[in-house]
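Chemist: Here it is, the structure in full.
The values are calculated or read from the model by the stated rules, or taken from the named source; none is laboratory data. These numbers were taken from a predicted model, which means no experiment stands behind them. Note that we place each Cβ from the backbone using ideal geometry, even for glycine, and neighbour counts take in every protein chain shown. We work out accessible area using only protein heavy atoms, side chains counted, and drop any ligands, DNA or RNA first. Shrake-Rupley method; radii C 1.70, N 1.55, O 1.52, S 1.80 Å.
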Amino acid sequence: MPDDPPVPVTGSAAPPPPAPAPPPPPLRRLAAPHGLAFGTAVNLTALAEDPAYRAWVAAQFDTVTAENAMKWAELEPTRGRYEWGPTDALFAFAEANGQRVRGHTLVWHNQNPAWLADVPPDELGALLKTHVQTTVRRFRGRVWQWDVVNEVFEEDGTPRDTIWLRALGPGYVADAFRWAHEADPDALLFYNDFDIEAVNAKSDGVYDLVRELKRQDVPIHGVGVQAHCSVESPPTTPAENLGRFDALGLHTALTEVDVRMAMPSDPVKLQAQANVYRSLLRACLLTPRCLSFTVWGYTDKYSWVPGWFEGAGAAGILDENFAPKPAHRALRDDLSSGGARRR
Ligand code: XIL
């Protein structure tokens, strides 16, 4: 009988661990041929303290939005004393990484400074103008898109009852766009809202508003569709809805995309989630003036969703260990299959 083949001597050391998977191709590179910018909201604490978080932001995205740092309560916590430090850090990061900034947000009913409640109503108009122009001027020439007015509609398409509507009447919306335009004539100025992905009563309200603003030559350039979605009730007609804003000559942008699910997650929900992300991306790619697709945080590690939607989570495209989920692959596949869109 022939001898058994010699057994290679390997010593007693354990085999080396498998090499880590190479990082996936960056979304920003795959989106570029389509003339589409791919963005994320940024948590500035994580950006400062978590090197893995920072590396992914730098590698994957073309645009950044401050998740909270540019809201009025953060910028001017004490009346008359603006704190620009955190926002300056975001701009420095973006500029070092060849990224553009979406400014978020100037006129809103949430995350306003507490001291605003003590301001007499007849001073609010001048105060809002000063806030808008102080903020926009500070970053003049460095903001690509500004969310000038945020969330002024109820779900049924009627105006939301806010401090601004009560004190100033409906004309403050047009005024805010004019003030912002005066302060930075090169920035693209957006109206931004949630639950307006599909054609519905609320997006009808937005449509009527922006059509009227255009008719009056108010300097508005786009509509931001936030797209805080869920796998359980995905948006039905996103392409049709973006298309009608496009037909008004307006830009559109997906500005805050996340797709939550009832926890715990499982493979079926993750695949359903991938399909929702993909349907939103396709709607944008089908819309000639859809400029950018921004996720509201890209990793489940720092997501706002579990804190806000009871029982829901796992809304991002990477899990809490920065592993890409099926949604990340779906976005990559859609961006890289076939040719680029023509506009
Ligand atoms: C959210 C942030 O993600 C949270 O960290 C914060 O506590 C509340 O606001 N619409 C918007 C965003 O325009 O600014 C909101 O961001 C999410 C809904």
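Chemist: Accessible area of Leu286, 1.4 Å probe, to the nearest 10 Å²?
Modeler: 130 Å²
Chemist: Here's another thing I want to ask about it. Leaving out ligands, DNA and RNA, what percent of the accessible area of the chain is carbon and sulfur, probe 1.4 Å?
Modeler: The value for the chain is 55 percent carbon and sulfur by accessible area.
Chemist: Here is a further query. Amide H neighbours of Asp319 under 5 Å, at least 5 residues apart or on other chains, H built in the peptide plane: list them.
Modeler: Hits under the 5 Å cutoff: Asp300, Lys325.
Chemist: When the gyration tensor of segment 27-336 is built from Cα positions, what are the square roots of 5 times its three eigenvalues, in whole Å, from largest to smallest?
Modeler: 29, 22, 19
Chemist: On each of the three principal axes of the Cα atoms of segment 241-343, give max minus min coordinate, whole Å, ordered largest first.
Modeler: Taking max minus min along each principal axis of the Cα atoms, segment 241-343 gives 41, 29, 20 Å.
Chemist: Mind giving me the FRET efficiency for Glu240 and Asn275? R0 is 22 Å, r the Cβ-Cβ distance, nearest 0.05 is fine. Before the final figure, lay out the partial values.
Modeler: On the way: r = 18 Å, r/R0 = 0.80.
Between Glu240 and Asn275 the formula returns 0.80.
Chemist: Using a simple charge model, +1 on the beta-carbon of Lys and Arg, -1 on the beta-carbon of Asp and Glu, nothing else, what dipole does the chain show about its Cα centre, in debye to the nearest 20? Walk me through the numbers on the way to the answer.
Modeler: On the way: 33 positive and 43 negative charges, 233 e Å.
Dipole about the Cα centre, nearest 20: 1120 debye.
Chemist: Can you work out the FRET efficiency for the pair Ala52 and Asn110, with r the C-beta to C-beta distance and R0 = 35 Å, to the nearest 0.05? Each step should come with its number before you reach the end.
Modeler: Details: r = 30 Å, r/R0 = 0.86.
For Ala52 and Asn110, the calculated efficiency is 0.70.
Chemist: In terms of Cα to Cα distance under 28 Å, which lysines are near enough to Lys71, apart from those fewer than 8 places away along the same chain?
Modeler: Output for Lys71: Lys129, Lys202, Lys214, Lys301.
Chemist: What Kirkwood Rh does segment 121-267 have if only Cα atoms enter the pairwise 1/r average? Answer in Å. Can you show the working numbers first?
Modeler: Values: mean 1/r = 0.0616 Å⁻¹.
Mean inverse Cα-Cα distance, inverted, gives 16.2 Å.
Chemist: Could you give each residue of segment 35-50 its phi-based ³J(HN,Hα) in whole Hz, using Karplus coefficients 6.51, -1.76, 1.60 with θ = phi - 60°, and x for Gly or Pro?
Modeler: Calculated HN-Hα couplings, in order: x, 10, 9, 10, x, 9, 6, 10, 8, 6, 5, 4, 4, 6, 10, 10 Hz.
Chemist: Pick from Ala272, Ala41, Ala55 the residue whose mean-square fluctuation is largest in a GNM of the chain, springs joining Cα atoms under 10 Å.
Modeler: Ala55
Chemist: Kirkwood Rh, segment 65-191, all Cα pairs: how many Å?
Modeler: With all distinct Cα pairs of segment 65-191 included, I get 15.0 Å.
Chemist: Over segment 27-336, what is the relative contact order in whole percent, taking alpha-carbon pairs under 8 Å and six or more residues apart?
Modeler: Computed over segment 27-336, the figure is 16 percent.
Chemist: As an exercise, use a Förster radius of 25 Å and the Cβ-Cβ distance of Arg166 and Asp204 to find the FRET efficiency, rounded to the nearest 0.05.
Modeler: Rounded to the nearest 0.05, the efficiency is 0.60.
Chemist: What ranking of Tyr53, Tyr82 comes out by heavy-atom accessible area, probe 1.4 Å, highest first?
Modeler: Tyr82, Tyr53
Chemist: To one decimal place, what orientation-averaged projected area in nm² is obtained for the convex hull of the Cα set of segment 4-149?
Modeler: 15.0 nm²
Chemist: Roughly what would the spin-label model give for Thr130 and Asn97, points 7 Å off Cα along C-beta, in nm?
Modeler: Each label point lies 7 Å from its Cα, and together they span 3.5 nm.
Chemist: Still on this model: Each residue of segment 109-122 in order: what ³J(HN,Hα) in whole Hz does its phi give by Karplus 6.51 cos²θ - 1.76 cosθ + 1.60, θ = phi - 60°, with x for Gly and Pro?
Modeler: Per residue, the Karplus-derived 3J(HN,Hα) values read 9, 10, 6, 8, x, 4, 5, 4, 4, 9, 7, x, x, 6 Hz.
Chemist: Right, another one. Compute the length gained on full extension between Arg329 and Thr158: take 0.36 nm times their separation in residues and subtract their Cα-Cα distance, giving the result in nm to one decimal.
Modeler: My answer for the length gained is 57.7 nm.
Chemist: Using the C-alpha gyration tensor of segment 85-144, what are the square roots of 5 times its eigenvalues, in whole angstrom, with the largest one first?
Modeler: Whole-Å semi-axes of the equivalent ellipsoid: 28, 12, 9.
Chemist: Given the DSSP H assignment, sum -39500 (n - 2.57) over each helix run of at least 4 residues in the chain and divide by its residue total; what's the result at 222 nm in deg cm²/dmol, nearest 500? Provide the component values of the computation, followed by the final result.
Modeler: Numbers: 13 runs with 131 residues, N = 343.
Theoretical 222 nm ellipticity from helices: -11000 deg cm²/dmol.
Chemist: Let me ask something additional. Cysteines of the chain lacking any other cysteine beta carbon under 4.7 Å?
Modeler: Among the cysteines of the chain, those whose Cβ sits 4.7 Å or more from every other are Cys229.
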